[in-house]
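Participant: Okay, handing you the structure first.
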Amino acid sequence: MNKQQLETSWRTQIEDEFNQEYMRSLSDFLTSETAQGKIIYPEQNQIFAAFDHTPFDKVKVVILGQDPYHGPGQAHGLSFSVKNDVRIPPSLRNIYKEIQRDLEIPPPPHGCLEHWANQGVLLLNTVLTVEQGKAASHQKMGWEHFTDAAINALSKHRKNIVYLLWGSHAIKKTDRLNSQENLVLSSVHPSPLSAHRGFIGNGHFSATNDYLINTGQTPINWAIPDHQGSFF
């Protein structure tokens, strides 16, 4: 794992992180885990996918997740997103429900959110890897420092970004954000355990687009095309 794997504009902002001791320790940890035969998600070439799809100067919206899905074939480097042929996870189903309620956009038949990422929605997990079948297994191994650096760079050098913080884990990042020059929206997590205590009905998607329009930006098209490229 080295800085050359990171998208160019992001590398300009946070490449110094690769020289930090925590990042070297993290790299050694992942190498050791792999050498022991443990299966790590996502695949190595997709660890930095969120940055690949959404360059630094293109970020309009940030949606913070916690760590990647730990089931086979699910994680591909974007928070809340799964590959086209994978069953849609419950939290993402609730996200789709709120979009339908808020914007009257019917849910798509799959859970791949690349369409959002390519429009400027940074789908960033605070931890970028996980061991198969073991949720949160790579927390506190160093990734939090790296993704905090990314958030800090956005907060310092960019403005008029919408930050969507869902759940207590994401809301803890509020102090890192410049709420005077950005829009910070928070609610409970879209998990089935909490979605009906405030996520459904939060209006975050319409509020995001209203803010983008009011700051002279193109709104996000939250409708996701099906496998053939058609929209609903």
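The values are calculated or read from the model by the stated rules, or taken from the named source; none is laboratory data. Note that this is a predicted model, so its numbers are computed, not measured. Cβ: placed from backbone, ideal geometry, glycine included. Neighbour counts: every protein chain shown. The protein model used for the area step is the full one, side chains on, heavy atoms only, and it has no ligands, DNA or RNA in it. Shrake-Rupley method; radii C 1.70, N 1.55, O 1.52, S 1.80 Å.
Participant: Quick one: with all protein chains in place, what share of the accessible area of the chain is carbon or sulfur, to the nearest percent (1.4 Å probe)?
Facilitator: Numbers: 5040 of 10790 Å².
Exposed carbon and sulfur together represent 47 percent of the surface.
Participant: I've got another one for you. Pairing the Cα long axis of helix 143-157 with the longest principal axis of the chain, what angle in degrees results, from 0 to 90 and rounded to the nearest 10?
Facilitator: 50 degrees
Participant: Placing +1 at every Lys and Arg Cβ and -1 at every Asp and Glu Cβ, with all other atoms neutral, what dipole size does the chain have around its Cα centre, in debye to the nearest 20? Each step should come with its number before you reach the end.
Facilitator: Values: 20 positive and 23 negative charges, 84 e Å.
For this selection, approximately 400 debye.
Participant: Let me know the Rg and Dmax you get for the range 73-232 when you use only its Cα atoms, in Å.
Facilitator: For the range 73-232, the Cα-based Rg and Dmax read 15.7, 44 Å.
Participant: Just the accessible area per residue of the chain, please: how many Å² with a 1.4 Å probe?
Facilitator: Working: 10790 Å² over 232 residues.
Per-residue value: 46 Å².
Participant: Using a 7 Å offset from Cα along Cα-Cβ at GLU15, what residues in the range 151-193 end up with backbone N under 14 Å from the label point?
Facilitator: Under 14 Å, as judged by backbone N against the label point of GLU15, lies no residue of the range 151-193.
Participant: What full-extension length gain, to one decimal in nm, is calculated for SER25 and ASP175 as 0.36 nm per residue of separation minus the Cα-Cα distance? If you can, show how the numbers build up before the last one.
Facilitator: Details: separation 150, 0.36 × 150 = 54.00 nm, distance 2.68 nm.
Residue separation times 0.36 nm, minus the Cα-Cα distance, leaves 51.3 nm.
Participant: Further, regarding this structure: Using a Förster radius of 41 Å, what is the FRET efficiency between GLU7 and SER206 based on their Cβ-Cβ separation? Nearest 0.05, please.
Facilitator: Working: r = 30 Å, r/R0 = 0.72.
Plugging the Cβ-Cβ distance into 1/(1 + (r/R0)^6) gives 0.90.
Participant: Give, as ranges by residue number, the residues of the range 1-25 whose backbone N falls under 19 Å from the point 7 Å along Cα→Cβ of GLU43.
Facilitator: 1-2, 5-7
Participant: Between GLU144 and ILE213, what is the label-to-label distance in nm when each label sits 7 Å out along the Cα-to-Cβ direction?
Facilitator: About 3.9 nm separates the two model spin labels.
Participant: Any idea what angle helix 204-214 forms with the longest principal axis of the chain, computed on alpha-carbon atoms, 0 to 90 degrees, nearest 10?
Facilitator: The angle comes out near 80 degrees.
Participant: Follow-up question, since we're still on this one. Quick one: net charge of HIS70's neighbours, Cβ under 9 Å, K/R +1, D/E -1? Provide the component values of the computation, followed by the final result.
Facilitator: Numbers: positive: LYS134; negative: ASP67, GLU131.
Its environment carries a net charge of -1.
Participant: Does a label point 7 Å from the Cα of LYS134, set along Cα-to-beta-carbon, have any residues of the range 28-55 with amide nitrogen under 19 Å, and which are they?
Facilitator: Zone members listed by number: 28-44.
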